[in-house]
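Here's the structure we're looking at; comments come further down.
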Amino acid sequence: MDLDFLGLGPAALYQLGAVAAIALLLFILIASFMSRSKVFCQYLRHMTGLDLKPATVMRLYKKGGKGGVRDHLIDLLIREDLADTSRVVTPDSKPDLSIFNNVK
């Protein structure tokens, strides 16, 4: 394929290709950063059953960084455990392994 009709020499074509590659990589980087909270929420739902909205995670991260998200998550996990009155946890109680019995 001859691209001489554009008036671009080989050096200009290489530069144009390099710029296109950099633009593509930059787009992928931006897309991955923008989807972090959504992927985190999907992972959290799968691993713990807790539903968080990506907007909430982004707000907590902007406000308190990783620690803010971690503190909120720990608070939610504690509330979830305390809401289950059938489970009583004391320092001497054995670990609850029932969740491992439900694996398909």
_Residue count, region 43-68 (criterion: loosely packed, with under 12 Cβ neighbours inside 10 Å, at pLDDT 90 or above and either β-branched (Val, Ile, Thr) or in a helix (DSSP H, G or I) (or both))_ = 7
*Among (1) surrounded by fewer than 10 Cβ atoms within 10 Å (Cβ to Cβ); (2) of a type in the set (A, V, I, L, M); (3) part of a helix (DSSP H, G or I), where does Val88 come up short?*
(3)
_Close pairs from region 45-68: first in contact (Cβ under 8 Å) with a residue 12 or more places away in the chain, partner of a type in the set (D, E, K, R) and in a helix (DSSP H, G or I), Cβ under 7 Å, at least 6 apart_ = Leu50/Glu80; Pro54/Lys38
*Only one of Asp71, Asp81 is surrounded by 12 or more Cβ atoms within 10 Å (Cβ to Cβ) and in a helix (DSSP H, G or I); which?*
Asp71
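The values are calculated or read from the model by the stated rules, or taken from the named source; none is laboratory data. Predicted model only: the values in this text are computed from it and were never measured. Here Cβ is always computed from backbone atoms with ideal geometry, including for glycine, and neighbour counts include all displayed protein chains.
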